[in-house]
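Bear in mind that the values in this text are calculations on the coordinates, not laboratory data. The shown structure was predicted, so the numbers you read here are calculated from the model rather than taken from an experiment. Cβ sites come from the backbone with ideal geometry, for glycine too, and all protein chains shown count toward neighbours.
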Amino acid sequence: MPTNGAPTKITQGSQTRGGIGESMLRPDGILKVTGEFAYSSDMWHEDMLWGQILRSTVAHAEIVSIDTSEALAQPGVYAVMTYDDLPTEVKNYGLEIQDTPVLAHGKVRHHGEPVAIVAADHPETARRAAAKIKVEYRELPVITDEASATAPDAVLVHENRDDHHIGHVSHPNIVHRQPIIRGDADEAAKKADVIVKGEYYFGMQDQAFLGPESGLAVPEEDGGVHLYIATQWLHSDLRQIAPVLGLPPEKVRMTLAGVGGAFGGREDLSMQIHACLLALRTGKPVKIVYNRFESFFGHVHRHPARLYYEHGATREGKLTHVKCRIVLDGGAYASASPAVVGNASSLGIGPYVVDDVEIEAIALYTNNPPCGAMRGFGAVQACFAYEAQMDKVAAQLGMDPVEFRKLNAMEQGTVMPTGQPVDSPAPVAELLRRVKAMPLPPERQWESSEGADVRQLPGGLSNTTHGEGVVRGIGYAVGIKNVGFSEGFDDYSTARVRMEVVGGEPVATVHTAMAEVGQGGVTVHAQIARTELGVAQVTIHPANTEVGSAGSTSASRQTYVTGGAVRNSCELVREKVLELGRRKFGTYHPAWATAELLLEGGKVVTDAGEVLADLVDVLGDEAVEIEAEWRHRPTVPFDLHTGQGNGHVQYSFAAHRAVVEVDTELGLVKVIELACAQDVGKALNPLSVVGQIQGGTTQGLGIAVMEEIIVDPKTAKVRNPSFTDYLIPTILDTPTIPVDVLELADDHAPYGLRGIGEAPTLSSTPAVLAAIRDATGLELNRTPVRPEHLTGNA
Amino acid sequence: MDFLRPASWEEALAAKAEHPTAVPIAGGTDVMVEINFDHRRPEYLLDLNRVGDLYEWEVGEESVRLGASVPYTRIMENLRAELPGLALASHTVASPQIRNRGGVGGNLGTASPAGDAHPALLAAGAEVEAESVRGTRLIPIDDFYTGVKRNALAPDELIRAVHVKKADGPQQYSKVGTRNAMVIAVCAFGLALHPQTRTVRTGIGSAAPTPVRARIAEDFLNAALDEGGFWDNGKIITPSVAKQFADLCAAACNPIDDVRGTASYRRHAVGVMARRTLTWTWESYRGTTQQKGSVA
Amino acid sequence: MRVNFTVNGRPQEADDVWEGESLLYVLRERLGLPGSKNACEQGECGSCTVRLDGVPVCSCLVAAGQVEGREVVTVEGLAEYAKERACGTSCGTSLDEAKRWAAKGHDSQTGEGTELSPVQQAFIDAGAVQCGFCTPGLLVAADEMLEHNPNPTDADIREALSGNLCRCTGYEKIMDAVRLAAARQGEAV
């Protein structure tokens, strides 16, 4: 709206309700609160069978023999399949490197690897049959860490590697290595007044999405198969599934079923191929649903990492140099390991100005569980370590940790260690200032007239303290995450937008293959369509492979990339609609030819607000439809020796302040508050933005104090594959999370928006750790920190 | 698998006699997990949900006869005065949904060292009412736990109730877990003051192959309280006495390292909980004695 | 075996039930009521929470045979259950209510036109739903808490919902939603 008489440029959509910038409610909300939303595990089909996977009981072994005869003989069993039953020469899959066998062949490389699959008429029949498959293993020594992986005589996890990374790694048990060298760190170190070295360990985190891996494969009359599936990227699944089935891609139809969370854990395939194989073999629909135990083996986890850092700074508090080495455990299969290495290295020093850096990141092949994508990958592990280092340097200098960070904070124009200039706002110091400026929660909130309220104390309902031993601590952290797929990846999306009159009203239909995993993309797509097309009614078409790829729902990219594609297609539709209008009505009013025309409130209007026609009349019986791909600015790969290159699309920043109360005697932690400030560029849906930030923050809290998949170093077997022993935060573990949203537009991105999903997961963990250090005075170089680490009983 | 649905206690006993391998299921909070995760396929499931007696309790002169299936929620809500230790322990059990289904009978039947009720039962003093078609017997809680997930029940016996002594003094219960709710005990500690007999009883969970009492610690504290005339003078327990009691409780543990915690931490934490629960109960006791004193 | 029980006011019969099946499986796979969710099947997440004779329980830990003759309310019946509670007995018998509930049509795409309970509406309005997998269990638990504690403190809400895991929201919007439902409930009285 014009203010002070100044002319304001009228932009498309500013008059249409329900457009971008509003906190519109989810279109799937009603279905989700009534229990009618169909998740992948809810799929049901007449006459369907249940699939079951038999998994390896050991981590590393040769398979001597598999005997399925007894399983096949069970009443109610329709099929049992092993590697030998795979229909084509393509028997592996993988996101980047096709190193993962659909079913184990001759060897298993990790605990829980799929060995055989069964289809039967009841899940219990399938389970009993799977238990009757006899597999004889000859165990091999397990590779579990860098030393055992890179020993000269180490057993190779993968023999005969021919992927494109093998040429630049020093050992076949290293998946990928990325060095980044800028300036001269050794020379710069001579200027340092303080040098701080640290070694850190980051535990293996699980995505722990609540909806288990599941789907329904239905054989089709043309010999193909239709898969209803919860995934993050339909077309990536399709690319990996079809060759194994021996089917052309068009005979593998995929429809997105309801997704019960993802967080990276559905970027790789799980039961997709198995269900399709069984459906094609039996000619019947086959449903597979993992239980929680199996889910821990059925998807990749967050890479555990060892991180070695050296920071130098002058007495005045300026960083001189950073050296770091990040060793990520990729487990038995590559999954997203190369990209994780790219992120860990390129974002390895954090959002700071340092001219002289020496970084190396590697990912190992081991016999531990495969690790891959999880929210903020690579950057999360690094942030935990560099923020711990920043606190240590500040302490050595006698400086306030926030002031020290602000003094070294990057800003727009800063050059990354990769040589890439940051060409959009990078308000790192401002985020720190804001998060520090938030009011602190009152002390001793657990005190009441009736004594201590244990629910507000460390230990909670377990009644371990009534205030004894409780010490408060405060910690800060800030992080940097890339948005979108990096390093030269062709990271595009596709949107099909259709406009027509339905029931006397103009209606836009948006059809993409974007996986809605809970993030609210469907809400935002409708908002974009309203803004761009000036209509009230928008239908979101179910996501499937009948439209082009939307890319992955990961890397904080979907609102940017598929949102960008929806906007682009809407703009193309708008042009066509206006063309149609000119053709039909152009002679009635000169403004059709001369004015800037907008679609607002179901009408064609001039930028002066004059109504030229109703969209209903313009469209008549015609439908206008466009399907178009859209791309963000291209990136390039990092140089394999120096790491130089404009490898990233966009950067995203968040800062946290954690306030904790620690029962220092028992080592129990209660996070009192976890405040976050984040720059989101433009909040297309403010309610969803805050929800993403709070959710990401809480996953960071989890890895700080409780979440860890524990792998036995002697056997490489997972010791806690259940929600009884893999703990994620409950509502009593999660504090209030005040959020301060900053909107500094990135001119290169649609609407100036910034990808937001991951950044809050980065800084949350180190902020909590810093607060615990503040309360206890302990060094705490690993996460999660467990009670025994705080009491000296580890 | 067969599903047996006795409509009465007598039918349940008869069924258990006929099928001694039958696994009783009441709240299902242990048994169903094992079935869902394919850890167990019992030949018979013996459903006790229809045996109404098991959901009742009677408050007697000396003790409470608590039906084996009385849900933890009911114990928290209705028996806080009579069984304060067990009520506190009940409140730490898993989640509201689980507390609505699970009861003490399940904890005793499973006899996992991590069962939340055990330390409270040991500290309060309890007897398990076990019955079979052969008859009824009362098993002292001290004799009930016989090994890791083993108890003194005969194959044909079912737990009908547990008789817990009514509190004659303050009781406390603490449990350490790595989460602030819905967590299995890393270790747990129960403590009950018994002013009538001038004794203190304890219970330790998840820090030995079975739930145990810290008997040497109890003996030490009983003697120290007696010697110093603490029961009468209501003085503050000296830090050195509290510390030694805590150390002896820690020494009563025989824990293991597992995914939930280290043995060393468990010993340490039991010591801390012993000291704190002693302080809380003793402060409460002093409060009541001083009140009585002022009235007299 | 055969199991007869009442779900959302309607008598139901499940046949050929395997003895180890849970109530959750019967609801989801045999009765076409998949609203109760199968997230952990070990009583650690609350996603399958239903009311069994009025009491919130994890339906994954109830053996199907144990519900013989008993009454179950799932998220699918929550709106009707809340409505009956709000208007007492004047709304008619539960059976009639259930039939009306079953016959009611609504838009299959978005569910528009569906009647919601106050807590369901509040979850949508407050942004407490993301992936939504935890939502049905949380709704049943939150509705039950508000039934007996209409003015909960934040600590009360957290305690009552401590058996329901959510991985998306960080719980803040869930807190907002329950506070909102309580406030609206207060206004309505």
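Given an 8 Å cut-off on Cα distances and at least 6 residues of separation, report the relative contact order of region A:452-587 as a percent.
Result for region A:452-587 is 25 percent.
Provide the FRET efficiency to the nearest 0.05 for the A:Met438-A:Asp400 pair, computing r from the beta carbons and using R0 = 22 Å.
0.85
Which whole-number percent is the relative contact order of chain A (Cα, under 8 Å, 6+ apart)?
It rounds to 16 percent for chain A.
Tell me the label-point distance for the pair A:Glu139, A:His105, using the 7 Å Cα-to-Cβ offset, in nm and rounded to one decimal.
The two pseudo-label positions are separated by 2.7 nm.
Just tell me which lysines come within less than 25 Å, Cα to Cα, of A:Lys191; anything on the same chain fewer than 8 places away is out.
The qualifying lysines are A:Lys318, A:Lys323, A:Lys392, A:Lys406.
Taking +1 at the Cβ of each Lys and Arg and -1 at the Cβ of each Asp and Glu, which of A:Thr16, A:Gly586, A:Ile180 sits farthest along the dipole of the protein assembly as shown towards its positive end, judged by Cα position relative to the Cα centre?
A:Ile180
May I ask you to derive the FRET efficiency for A:Ile166 and A:His641 from their Cβ-Cβ distance with R0 = 22 Å, giving the value to the nearest 0.05?
0.85
Could you tell me which residue out of A:Pro114, B:Tyr55, A:His301 lies farthest along the dipole of the protein assembly as shown toward its positive end? Charges go on the beta carbon: Lys and Arg +1, Asp and Glu -1, centred on the Cα centre.
B:Tyr55
If I model a spin label as a point 7 Å beyond the Cα along the Cα-Cβ vector, how far apart are those points for C:Val55 and B:Glu77 in nm?
Spacing of the two 7 Å Cα→Cβ label points: 0.9 nm.
Dipole size in debye (nearest 20) for region B:22-88 around its Cα centre, Lys and Arg Cβ +1, Asp and Glu Cβ -1?
Once rounded to the nearest 20, the dipole reads 200 debye.
Rounded to the nearest 20 debye, what is the charge dipole size of chain C about its Cα centre when +1 sits on each Lys and Arg Cβ and -1 on each Asp and Glu Cβ?
Here the size comes out at about 200 debye.
FRET efficiency for B:Gln244 and A:Asp617, Cβ-Cβ distance as r, R0 = 56 Å, nearest 0.05?
It comes out at approximately 0.05.
At a Cα cut-off below 17 Å, give the lysines reachable from B:Lys235, other chains included and same-chain residues fewer than 8 away excluded.
Straight-line reach from B:Lys235, under 17 Å: B:Lys243, B:Lys292.
With label points built 7 Å along Cα→Cβ from the Cα atoms of B:Thr288 and B:Asp143, find their separation and express it in nm.
Those two pseudo-labels are separated by 2.9 nm.
Can you tell me which of B:Ile141, B:Ile204, B:Ile256 moves the most in a GNM of chain B? Springs connect C-alpha atoms under 10 Å apart.
Of the options given, B:Ile256 has the highest mean-square fluctuation.
Can you tell me the dipole magnitude for chain A around its Cα centre, using point charges on the Cβ only (Lys, Arg +1; Asp, Glu -1), in Debye to the nearest 20?
Charge dipole, chain A, about its Cα centre: 500 debye, nearest 20.
Please build a GNM for chain B, connecting alpha carbons under 10 Å apart, and tell me which residue among B:Ser240, B:Ser132, B:Ser63 fluctuates the most.
Per the Cα network of chain B with a 10 Å cutoff, B:Ser240 tops the list.
In straight Cα distance, which aspartates and glutamates are under 19 Å from A:Lys190, not counting same-chain residues fewer than 8 positions off?
Within the straight-line cut-off, A:Lys190 pairs with A:Glu310, A:Glu316, A:Asp355, A:Asp356, A:Glu358.
Set the bar at 28 Å for Cα to Cα. Now go through A:Lys670/C:Lys83; B:Lys16/B:Lys149; A:Lys132/A:Lys287; A:Lys32/A:Lys576; A:Lys134/A:Lys287 and name every pair that lies beyond it.
Pairs exceeding 28 Å: A:Lys670/C:Lys83; A:Lys32/A:Lys576.
Scale the Cα Rg of the protein assembly as shown by the rule-of-thumb value 2.2 N^0.38 Å and send over the ratio, two decimals.
Relative to the rule-of-thumb radius for its length, the protein assembly as shown sits at 0.94.
Taking θ as phi - 60°, what are the ³J(HN,Hα) couplings along region A:344-355 by the Karplus curve (6.51, -1.76, 1.60), each to the nearest whole Hz, with x for Gly and Pro?
Taking θ as phi minus 60°, the curve returns 4, 6, 6, 10, x, 9, x, x, 10, 8, 9, 7 Hz for region A:344-355.
In whole Hz and in residue order, list the ³J(HN,Hα) couplings for region A:84-91 that follow from phi through the Karplus curve 6.51 cos²θ - 1.76 cosθ + 1.60, θ = phi - 60°; x for Gly and Pro.
Working through the residues one at a time gives 5, 8, 5, x, 9, 6, 7, 10 Hz.
Go through B:Ala94, B:Val128, B:Thr110 and say which Cα lies farthest out towards the positive end of the charge dipole of region B:2-165; charges sit on Cβ, +1 for Lys and Arg, -1 for Asp and Glu.
Farthest towards the positive end: B:Ala94.
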